[in-house]
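To start, the structure itself, in structure tokens.
The values are calculated or read from the model by the stated rules, or taken from the named source; none is laboratory data. Owing to the predicted nature of the structure, the values given are computational and were not obtained by experimental measurement. Here Cβ is always computed from backbone atoms with ideal geometry, including for glycine, and neighbour counts include all displayed protein chains.
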Amino acid sequence: MSSFAVRLSALLCMLFDHAALALLPSGAALRMPGALAFPLYCFLLVQGFLHTHSRGHYALRLLFVALACEIPFDLLHFGVFFSAAEQNAAFSLLLCLGMLTVLQGQSGARRFLVPAAACLLSMLLRLSYGWLGPALVFAFYRARVSRRRAALAAFALPLLYSLFLALAGVDPSWVRASLAAPLSALPVFLYSGRQGPHGRALTCAFYAAAPLHLILLVLVRGLRLIPPWIF
């Protein structure tokens, strides 16, 4: 699979997840495909970090997406314009990008203290997926020359995260949905390292899709353009 194919897969999984949340809030099982999105975005973040021409511009794009998504994310998940309960996943990816930047040139115990601090900070800031984001990104970065090791990380860490959710007393329906996340190991293993279709317009479209689909779903649900009972 090319980078384009993995990115498109992640985007479609995210769209399916949020559409199910907006239109079928009681159908947690229908959100199972969406559980693959975050591990795939973490994998793509590492690839972007390794190959981008400007890490500063990369960080600014992520910051823009994070800020643009926050209000519609809160409206969709919590029904309010701002909630401190959870911050959207783009903030998680931005933190992970900062972690990778700090990791450059580190050696010895610091190579593990930095991601440990990032995991703790992610939980303190209530970023989406908590410690899973920094843990996945660190594992993918360490396994950047081995598809098998990267696929193993994509399988094992989300599975461990599901166990933590269960032990924390999270809604069992969401725990069951999260058990689909280890399937992200398959696209990671099949990743070929090729770009596939690319260009500035396509990149902008992928970035814009995140806030735009959230805004659309908030409007659809808020205006009852497609009532949930239709489905």
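Taking residue 35, is it modelled with pLDDT under 95 and either on the phi > 0 side of the Ramachandran plot or part of a helix (DSSP H, G or I) (or both)? When the stated conditions are applied, residue 35 passes them. Within the option set 84, 118, being of a type outside the set (Lys, Arg) and farther than 26 Å from residue 214 by Cα holds for one residue only, 118.
Kindly indicate whether residue 82 is within 12 Å of residue 125 (Cβ to Cβ) and free of Cβ contacts under 8 Å to residues at least 40 places away in the same chain. The answer is no for residue 82. Condition (residue is without any contact (Cβ under 8 Å) to a residue 60 or more places away in the chain and over 18 Å from residue 211 (Cβ atoms)) applied to region 65-74: is it met by at least one residue? No - not one qualifying residue is present in region 65-74. In this structure, residue 205 does not satisfy being exposed (fewer than 13 other Cβ atoms within 10 Å of the Cβ), part of a helix (DSSP H, G or I) and more than 21 Å from the chain's Cα centre (by Cα). Which one of 185, 181, 154, 150 is more than 22 Å from residue 95 (Cα to Cα), buried (at least 18 other Cβ atoms within 10 Å of the Cβ) and touching a residue at least 24 places away in the same chain (Cβ under 8 Å)? Selected residue: 185, the only one of 185, 181, 154, 150 that is more than 22 Å from residue 95 (Cα to Cα), buried (at least 18 other Cβ atoms within 10 Å of the Cβ) and touching a residue at least 24 places away in the same chain (Cβ under 8 Å). Note on region 99-156: residues that are touching a Lys or Arg at 6+ places or on another chain (Cβ under 7 Å) and polar (S, T, N, Q) total 1. Can we say residue 112 is of a type outside the set (Asp, Glu) and farther than 30 Å from residue 220 by Cβ? Yes, satisfied.
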